[in-house]
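Enquirer: I am attaching a structure below and will ask some questions about it afterwards.
The values are calculated or read from the model by the stated rules, or taken from the named source; none is laboratory data. Note that this is a predicted model, so its numbers are computed, not measured. Positions of Cβ are generated from backbone atoms using ideal geometry, with glycine treated the same way; all protein chains shown enter the neighbour counts. We work out accessible area using only protein heavy atoms, side chains counted, and drop any ligands, DNA or RNA first. Shrake-Rupley method; radii C 1.70, N 1.55, O 1.52, S 1.80 Å.
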Amino acid sequence: MKAACAECGRPLSPDEVAVTKKLVNRGTTAFLCVDCLARRFAVQREDILERIAYFKEMGCTLFSPDPQ
Ligand SMILES: [Zn+2]
């Protein structure tokens, strides 16, 4: 099943699904794209991308490892 942004309907990357779980709620079923997350939290989209990079660095299992 391909997840789509609950706000704008854009197809979501696995990272966007994962970061929504981290920022909103682990049990959430409404996922947001980076742009809509940024708007929801009143931050820049770069801040969301930074969070994704940070969680990956922490080895968070919600995030798929980067394909090498
Ligand atoms: Zn969106």
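Enquirer: Given contacts defined as C-alpha pairs under 8 Å and at least six residues apart, what's the relative contact order of the chain, whole-number percent?
Expert: 28
Enquirer: Let me know the charge dipole size of the chain about its Cα centre in debye, to the nearest 20, where only the beta-carbon of Lys, Arg (+1) and Asp, Glu (-1) is charged.
Expert: Approximately 280 debye in magnitude.
Enquirer: At a Förster distance of 25 Å, what's the computed FRET efficiency of Thr61 paired with Arg39, Cβ-Cβ distance as r, to 0.05?
Expert: Using R0 = 25 Å, I get an efficiency of 0.35.
Enquirer: For n ≥ 4 DSSP H runs only, could you compute -39500 (n - 2.57) per run for the chain, divide by its residues and tell me the 222 nm figure to the nearest 500?
Expert: -13000 deg cm²/dmol
Enquirer: Report the extension gain between Leu49 and Thr29 in nm, rounded to one decimal, defined as 0.36 nm multiplied by the number of residues separating them, less their alpha carbon distance.
Expert: 5.1 nm
Enquirer: Using a 1.4 Å probe over the heavy atoms of the protein chains, calculate the carbon and sulfur portion of the accessible area of the chain as a whole percent.
Expert: So the carbon and sulfur contribution to the accessible surface is 52 percent.
Enquirer: OK, next. Provide, as a two-decimal number, the C-alpha radius of gyration of the chain over 2.2 N^0.38 Å, N being how many residues it has.
Expert: 1.03
Enquirer: Next question, about the same structure. Can you work out the accessible area per residue across the chain, with the rest of the protein chains kept in place, probe 1.4 Å, in square angstrom?
Expert: Counting only protein heavy atoms, the per-residue value for the chain is 68 Å².
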